[in-house]
Amino acid sequence: MNQESVAGAVRAHLASVAPGTDPNLPLDSPLLESNLLDSLGIIQLMTFLADNFGIEVSDEDFVPENFTTIGSLVNFVLSKRPAAA
């Protein structure tokens, strides 16, 4: 798993739940400010990320910093993955 694969999965998820969303959004695309995510969308996205990438999401992870941009979501997912052995 790398930055581009995570970003691609996030973009695909956003496009599936918000039809008309550009599937090539740049990493610095604002998610909360642009209303791409609302409170339900955040929960759905975190569930998708947990299921898709096998990460554990805790209540403490639901902070705005993790949802600012696609890039911040990518960094969040990569930080949650176990270190390679």
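Annotations for the structure displayed:
- Count of residues meeting criterion [loosely packed, with under 15 Cβ neighbours inside 10 Å and either in contact with a Lys or Arg (Cβ under 6 Å, 6 or more places away or on another chain) or modelled with pLDDT of 90 or more (or both)] in segment 9-38: 4
- Single match in Ile55, Ile70 (criterion: in contact with a Lys or Arg (Cβ under 6 Å, 6 or more places away or on another chain), closer than 20 Å to Asn2 by Cβ and either modelled with pLDDT of 90 or more or crowded, with 19+ Cβ neighbours inside 10 Å (or both)): Ile55
- Of all residue pairs spaced 6 or more apart or on separate chains, those with beta-carbon atoms under 9 Å, a first member in segment 38-51 that is more than 11 Å from His13 (Cα to Cα) and a second member that is among the charged types (D, E, K, R) are Ala50/Glu56; Ala50/Lys80.
The values are calculated or read from the model by the stated rules, or taken from the named source; none is laboratory data. Note that the structure is a prediction, hence the values are computed from the model and not measured. Here the Cβ is made from the backbone with ideal geometry for all residues, glycine too, and neighbour counts use every protein chain on show.
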